[in-house]
Amino acid sequence: MVIARKIHFVGIVQGVGFRPYIKVLADRHGVKGYVRNLGGGEVEVFVEGSEDAVNSFINDFLNNRPRAIYIEEYSISDEEPRGFRDFRILESSSNVEAISIIPPDLAICDECLREVLDPRNPRRFRYPFNSCSYCGPRFAVIDSLPYDRPNTSWGSFKPCPHCQREYDEPAIGGLRRYYYQGISCRLCGPRLKLLTSDGEVVRTEDPISYAAKLINEGSIVAVKGVGGYHIAALATDDDVVLKLRERKRRPTQPFAVMVLDVYVANKLVFIDENAREVLTSPQRPIVLLPKRPESPVSRYVSPGLDKEGVFLPYTALHYLLLMDTRDKFLIMTSGNVHDQPMCTDVNCVLKKLGKVVDYVLDHDLRIAHRVDDSVVRFTGGELVIIRRSRGYAPMWVRLLIKLRRPAIAFGADLQMAGAVGVGDKVVLTQYIGDLDYVETLEDLDRELRWFMRTYRIRDPILVCDANPAYRSTWLCHRWAEEFGAEVVSVYHHHAHALSVAADLGETGPFVSITIDGAGYGVDGMSWGGEVLIVDGAKFTRFGHLIYVPMPGGDLATLYPVRMVISYMSRFMSDDEVINYLRKLDLIRGLPNGEVEARVVLRQLSSSIMTSSVGRFLDAISALLGLALRRTYEGEPAIVLEAAARGGSLISGFKPAVRHDGDSLIIDTVSMFRQAFEARLNGLGISDIAYTTQYLLGRALGEVACEAVEEVGNRNVYVGGGAAVNDYVISGLRDELRRCSANVRLPRKVPPGDGGIALGQMYYLAHTL
């Protein structure tokens, strides 16, 4: 008896060899029918044959498919047989039935790498763009869906006869190349060239080896990757690292290090099995791991930090370059200046990086979307995403509460990503960055428009941060004028809380701890250390850090000694503040020295008030002499966390929590005073750093426990940029055990502002 089934798949089903794999599998099981892409990116499969053959085909696919194919959902329906004589791959349809995940960029697979290293494979030996159905660039080269060659950057390269035969006949090229849209080889694929920083072509038969030679000699080289340019340089030469810092005007912000393989990486950092799995995953993110004391990496690569950001090569080009260098690892940092967007074409490199790099290793595969490297770390043993981009974006997040209208979310202003939402799916853009520059704001605008077109969103509702000064808020309102759209505003920390809840599938009332640098609060103050009770679109502020002045506003984030003055002023006179600043040698942390310190003291009475965890950690970091000026986002707090490594809890140090009306207040002034006295008494820096961060976590946990008893939900959802801090989370987790509650950190999106857009969407899901 012949039966028929129609199967509808949604997930990562384009650009990963889905259709050819289905074809080969169907032929193997003797079923007939077709497979085709639908316009939204989903795939439809129709099979008919004996009941045993059809069921065997379906089970084989569901249980044994390649890892690059990710099935988000599928449905199977009974159909009438149509009398197919074979199984075919049909042309893509424009009939959109559902949206699908746009495939992210994946690292080169082992099979492709073996071809690159095999001199017996003349078409692909040392070919820097080798890829197949299971690896290589995807999102970075997509112009439109469906994922067919003409709709990608690969469309500029006509396959040679050899590649065309591999594309047409699985018996020749194997399943990995059969119907692979990005098929290429050295005969027909992109071309490499080496340029000087003036744009002159360097004549060489092997641009990769020549570039490696130049790097070995101390040159700094821009290297075009998948989603933009890196800047490559020796990581072991102090002079080279310092030269790069001077040229890039990046005095202390850490550089990432790309490492040939895990064996080499293990000489630089400590790697356990969890770290190994992430390092070697198809996503290949930058992973922050503990430094080895004997590491050969220059101390100037990540000054003052206890972790090194390392990642493995994710293209053949990267691998070949590292093979040809002396150390087998290199600084591989973003090809940008002044926190502006990473360059994606050679004109940008020559214009903006001409005084930073000496040479440019370039190629002619066009980058359709800028995609930065993703960054992850382990906090309390849990993997946490810090920057969500290559390898992870633009995979969607499913909501347990559906959006009744399509929506566009504009996120926040720092380390941000936007999002589009349809039904129960939220698609976050790749990491966009800080909106301090018009180029970054334009990037956000361009990517949101692309996603809006791709997912055919009509009549969207727009959602943004409640802070009227945010550039993302301005862009949101500009869109509202253009599209005649409704705008909804969401408070920053409410969005943080809802982001974690959406990530982990929480629908009921819950307790949230939101800890970060700053966010516009309901009372107009700068929030950042909050315990909230959240019930969908409503929240109550159950507790928070004590308010302290933030003298000079943003200047207090650049010069954390200002926050030291703010805290000191809470328990001593102005003259005492000045005397202790001198005694602790903190005056040098202010550009205008003592004069500025006295100005700051006068500013306190008229300053905006803040409950920020970030500003408290800044003050402790400056008090300990660790970071007197912030040169990159979060630097004082990051250095403080590093300083706590190996520290111990100081006896007698106590967190202070008190009631103030309906709220619980965490008295960080008292905690700062204890740290100040410990510093005067000559206690160890690492002990003070450890104690203050750990006890801050305990204090937050104490407040959260009371909130948990009121709500009943034992899961406490933690978000905000400071949620990655090992010692704060450790203290929080220890305290929550007292009330049998659990710390929950997000898994799919960053806890910081990179996840805000998801929280904004979840707010709409609760209100529309």
### Query
Is it fair to say residue 622 is in the same structural domain as residue 698 (by TED's automatic domain parsing), of a type outside the set (Asp, Glu), buried (at least 21 other Cβ atoms within 10 Å of the Cβ) and under 16 Å from residue 552 (Cβ atoms)?
yes
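Matching residues to (1) assigned to a strand (DSSP E or B); (2) over 23 Å from residue 658 (Cβ atoms):
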{"site": "452", "(1), (2)": "no, yes"}
{"site": "457", "(1), (2)": "no, yes"}
{"site": "462", "(1), (2)": "yes, yes"}
{"site": "474", "(1), (2)": "no, yes"}
{"site": "532", "(1), (2)": "yes, no"}
{"site": "540", "(1), (2)": "yes, no"}
### Among the candidates 337, 356, 371, 349, residue that is assigned by TED's automatic domain parsing to the domain that holds residue 219, surrounded by 20 or more Cβ atoms within 10 Å (Cβ to Cβ), aliphatic (A, V, I, L, M) and assigned to a loop (DSSP other than H, G, I, E, B)
356
### Query
Hey, does the range 28-41 have a residue that's crowded, with 24+ Cβ neighbours inside 10 Å, part of a strand (DSSP E or B) and within 32 Å of the chain's Cα centre (by Cα)?
yes
### Message
Could you list, ordered by first residue, the pairs with Cβ atoms under 8 Å in which the first is in the range 591-615 and more than 19 Å from residue 524 (Cβ to Cβ) and the second is surrounded by fewer than 19 Cβ atoms within 10 Å (Cβ to Cβ) and of a type in the set (S, T, N, Q), at least 6 apart or interchain?
### Response
599/592
### Task
Report yes if residue 436 is surrounded by 23 or more Cβ atoms within 10 Å (Cβ to Cβ) and in a loop (DSSP other than H, G, I, E, B), otherwise no.
no
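Conditions (1) surrounded by fewer than 21 Cβ atoms within 10 Å (Cβ to Cβ); (2) at pLDDT below 95; (3) more than 20 Å from residue 643 (Cβ to Cβ), marked per residue:
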residue: 706; (1), (2), (3): yes, no, yes
residue: 716; (1), (2), (3): no, no, yes
residue: 721; (1), (2), (3): no, no, no
residue: 724; (1), (2), (3): no, no, no
residue: 729; (1), (2), (3): no, no, no
### Summary
For the range 48-60, pairs from a residue that is at pLDDT 95 or above and among the polar types (S, T, N, Q) to a residue that is part of a helix (DSSP H, G or I) and surrounded by 14 or more Cβ atoms within 10 Å (Cβ to Cβ), with Cβ under 6 Å and 6 or more apart or across chains, are 56/29
### Summary
The residue that is nearest to residue 330 (Cα to Cα), considering only those in the range 283-303 that are touching a Leu at 6+ places or on another chain (Cβ under 7 Å) and part of a loop (DSSP other than H, G, I, E, B), is 297
### Task
Enumerate the pairs (first residue in the range 198-217 and in a helix (DSSP H, G or I); second residue anywhere and loosely packed, with under 14 Cβ neighbours inside 10 Å) with beta-carbon separation below 9 Å, excluding pairs fewer than 6 apart on the same chain, so at least 6 apart or on different chains.
212/326; 215/326; 216/326
### Message
From the list 28, 67, exactly one residue is of a type in the set (D, E, K, R), modelled with pLDDT under 95 and under 30 Å from residue 320 (Cα atoms). Which is it?
### Response
67
#### Entry: Scan of the range 193-213 for residues that are among the small types (Gly, Ala, Ser) and either surrounded by fewer than 15 Cβ atoms within 10 Å (Cβ to Cβ) or out of contact with any Gly (no Cβ under 7 Å at 6 or more places or on another chain) (or both), ordered by number
199, 209, 211, 212
## Note on the structure
Out of (1) at pLDDT below 95; (2) in a strand (DSSP E or B), the one residue 175 does not meet is (2)
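The values are calculated or read from the model by the stated rules, or taken from the named source; none is laboratory data. Because the structure is predicted, anything quoted here is derived from the model rather than measured. As a convention, Cβ positions derive from the backbone with ideal geometry for all residues, glycine included, and neighbour counts pool all protein chains shown.
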